[in-house]
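These notes concern the structure reproduced below.
Every number here is computed from the coordinates shown, using simple stated rules; none is lab data. Keep in mind that what you see is a predicted model, and the values were worked out from it rather than measured. Cβ: placed from backbone, ideal geometry, glycine included. Neighbour counts: every protein chain shown.
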Amino acid sequence: MSSFDRMFDIVVGHEGGFTADPEDPGNWTGGAIGAGRCRGTKFGISAAAYPSVDIANLSLDLAKSLYRRDYWLRIVGDRLPGTLALLVFDAAVNNGVGRATRWLQQVALVPQDGVIGPGTLEAIAHAAARPGGIADLCGEFLAQRLWFMTSLPTWRTFGLGWARRLCRLPYEAISENPASGE
């Protein structure tokens, strides 16, 4: 099983099946409550991000294809240390690729241009090589994500579920990479 396949199974497990909560802006094709049509979210694929996709009838295979193309490849998941790859991938799906990329660049101490290129990868490799480097990168990445998410107006409604997800991720990352020393 590829790294992407393992990470997909974890992230899609957090996302779950079909929901069409009208209080969730992501369920609306216009990306805001009452904007467009409330077509829902399924497997983390939202009407806001994919307004032309039939969300209710979305297959897991199509969702996986979208995850690979629109999230995993854009975060260069195969080039990131496994533990960090899961955290960045999950954030890309849940909070957007651009935001996840900028958080990664922030913790790697490189310019936040929103593109994971050679400079970002080199900085991550250098930071990861230090004693405790992976833990430092992962901890700060999650702290930046949590700080952002608690500031969202929807935190009051969805925050406990998001907090559970964020608290569970490090354990899932470790269980996926037990012998890697990450």
Between Ala35 and Gln112, Cβ-based FRET efficiency (R0 41 Å, step 0.05) works out to 0.90
Quick shape summary for the range 76-182, equivalent ellipsoid via Cα gyration tensor, semi-axes whole Å in descending order, reads 22, 17, 11
Taking N as the number of residues in the range 16-73, the ratio of its alpha carbon radius of gyration to 2.2 N^0.38 Å works out to 1.04
Sparse-neighbourhood loop hits (trypsin sites (Lys or Arg not before Pro), the range 1-110; DSSP loop; Cβ within 10 Å at most 15 others) -> Arg37
Expressed in nanometres to one decimal, the distance between label points 7 Å along Cα→Cβ at Asp70 and Asp5 is 2.4
Rounded to the nearest 10, the angle in degrees between the Cα long axis of helix 155-176 and the longest principal axis of the Cα atoms of the chain comes to 40
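Past the 21 angstrom mark, what percentage of all C-alpha to C-alpha distances in the chain do you count?
Details: 8087 of 16471 pairs.
Everything past 21 Å amounts to 49 percent.
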